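Peer 1: Before I ask anything, let me first share the structure, which is written out below as structure tokens.
The values are calculated or read from the model by the stated rules, or taken from the named source; none is laboratory data. This structure is a prediction, so every number in the text was calculated from the model and none was measured. Using ideal geometry, Cβ is built from the backbone for each residue, glycine included, and neighbour counts are taken over all protein chains shown.
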């Protein structure tokens, strides 16, 4: 038997416990004495890592944690959040001169809520909650303004006809 790695474990990465040999660590993981959320470290690692990110430590035939996410790197800005903001602002600014304001506002609201859901489900992968919220809030405001103006102009258009009928 060669030299085994020496491992340490911690709940917060500061209060380190151990040392354990790799075989002792494998036993502790397989019997649930060390959870998959517990942070582990050994010489050669740059930082503490959760046990679930080190599936090679689990004994064959024991319950292994889910595979680590394939996503590597910093979270990316959600395209849906960007689309929501762009559509809502475009609808608010340009929608007054043509009839696309309602459609753009509705799309901004839909995309904003979809982005919000995407970001909540995968926060390690997506960012842009602020853009999504701004997009659907501006979309709701635009939609309310468009509908209010449509009602006002609709009533104003038919009031003269109503007055003529009442004479």
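Peer 1: Give 41, 96 a once-over and let me know the one that is part of a strand (DSSP E or B), over 25 Å from the mean Cα position of the chain (by Cα) and at pLDDT below 90. Steps first, answer last, please.
Peer 2: On the way: 96 fails: part of a strand (DSSP E or B).
When all the criteria are applied, what remains is 41.
Peer 1: In segment 60-73, is there at least one residue being assigned to a helix (DSSP H, G or I), outside the structural domain of residue 112 (by TED's automatic domain parsing) and either modelled with pLDDT under 85 or in contact with a helix residue (DSSP H, G or I) (Cβ under 7 Å, 6 or more places away or on another chain) (or both)?
Peer 2: no
Peer 1: Just to check your reading of the model, which residue among 105, 117, 142 is outside any loop (DSSP other than H, G, I, E, B) and surrounded by fewer than 16 Cβ atoms within 10 Å (Cβ to Cβ)?
Peer 2: Working: 105 fails: surrounded by fewer than 16 Cβ atoms within 10 Å (Cβ to Cβ); 142 fails: surrounded by fewer than 16 Cβ atoms within 10 Å (Cβ to Cβ).
Answer to the check: 117.
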